[in-house]
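To start, the structure under review is shown below, and the notes come after it.
Nothing in this text is a laboratory measurement; each read-out follows from the coordinates by a stated rule. Because the structure is predicted, anything quoted here is derived from the model rather than measured. A quick note on method: Cβ atoms are made from the backbone with ideal geometry, for glycine too, and the neighbour counts reach across all protein chains shown.
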Amino acid sequence: MRKYADNLRNVHLFSTLKEDQIEAVSRILLVNSYYKNQTIFQEGETGDALYIVLKGKVKVCLYDEEGREYILDVMSKDGFFGELALIDELPRSANAIVMESAELLIVRRPDFMKLLLENPSITIEMLKVMSRRMRVADERIRWLAFLNVEGRILKYLLEIGAKTGVKVKDYIIIEKGPTQIEIANSCGCSRETVSRMVASLIKKGFVNVRRRQYTLSPGQVTF
């Protein structure tokens, strides 16, 4: 799988590696295609692989006892997921489901652990990534707890804008942004509430929406 070496350089987890280390990672890669709505793994399953998105989109989510979905994160090109279960050998802590037909690179646990032992720099980078993700999780818990619904929705859109948006002057533009259902599932509210709150944000000048294109005005936002 050496042909995917260039892809690895764009993945944050491997971006600081030297050429020989990138080559070592590329030799243990597998690749697989997934169709829309396919489940890659479920909460509670044994974790045996790290996944890297080549193309498409994957959501990491949880379900409550009534089957309601809560989206923890959405991974697109160069995103990766599934690393926690490889490290602690505990069951998967969430579900991974394909949102758009996807092609994923896969690193199996035995190969990954051997890689970490032989390349301390990858181990250090993994610790940094896990630390950053914990900080992001703490921040999300904070704004879910302390912001009202309108604030949570705006914060969520700003997070997406920071991750995938394009900055044009004082605005951030998100192409193919989240649907109202996706926003609801990420912010702990109903689709109807999202519709009302987005309309309020538009009226206040924080957001402009045209189909699934979102234009954000972050300079006007205070929390």
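Applying both filters, DSSP loop and at most 11 other Cβ atoms within 10 Å, to the chymotrypsin sites (Phe, Trp or Tyr not before Pro) of region 14-122 gives Tyr35.
Helix 191-204 and the longest principal axis of the C-alpha atoms of the chain enclose an angle of approximately 70°. A straight line joining the Cα centroids of region 19-69 and region 143-213 runs 26 Å. Phi angles across region 164-169 convert, under the Karplus curve 6.51 cos²θ - 1.76 cosθ + 1.60 with θ = phi - 60°, into 3J(HN,Hα) values of 10, x, 10, 8, 10, 6 Hz, Gly and Pro given as x. Please list, in chain and number order, the residues 5+ apart from Arg92 or on another chain whose amide H is under 5 Å from its amide H, with Hs placed from the backbone. Close amide H contacts, sequence-distant or interchain: Gly44, Glu45, Thr46, Gly47.
Computed from phi, the 3J(HN,Hα) profile of region 17-22 under the Karplus parametrisation 6.51, -1.76, 1.60 (θ = phi - 60°) reads 6, 7, 4, 5, 6, 4 Hz, with x in place of Gly and Pro. Other residues with beta-carbon under 13 Å from the beta-carbon of Gly177 carry, at +1 per Lys or Arg and -1 per Asp or Glu, a net charge of +3. With the simple model of a label 7 Å out from the Cα in the direction of the Cβ, Glu89 to Asp138 spans 2.8 nm. A Förster distance of 35 Å, applied to the separation of the beta-carbon atoms of Arg210 and Arg9, puts the FRET efficiency at 0.50.
Taken one residue at a time, the phi angles of region 182-188 give Karplus couplings (6.51, -1.76, 1.60, θ = phi - 60°) of 5, 5, 4, 5, 8, 10, x Hz. Gly and Pro are set to x.
The slack in the chain from Lys169 to Lys36, taken as 0.36 nm per residue of separation less the alpha-carbon distance, amounts to 44.4 nm.
With 25 Å as the cut-off, how large is the P(r) tail for region 1-129, expressed as percent of Cα-Cα pairs? Considering region 1-129, 22 percent of its Cα-Cα pairs are separated by more than 25 Å. Over its Cα atoms, what ratio of radius of gyration to 2.2 N^0.38 Å does the chain give? After normalising by residue count via 2.2 N^0.38 Å, the value is 1.08.
Remark on Lys55: its backbone amide H falls under 5 Å from those of Glu103, a criterion applied only to residues 5 or more positions apart or on other chains, H modelled at 1.01 Å from N. Put a dot 7 Å past the Cα of Glu19, heading toward its Cβ, do the same for Leu117, and the two dots end up 2.9 nm apart. The alpha-carbon of Lys36 sits under 21 angstrom from the alpha-carbons of these lysines, leaving out residues fewer than 8 places away in its chain: Lys55, Lys57, Lys59, Lys77, Lys176. Residues whose amide H comes within less than 5 Å of that of Ile40, counting only those at least five positions distant or on another chain, are Ala96, Ile97, Val98 (H built at 1.01 Å from N in the peptide plane).
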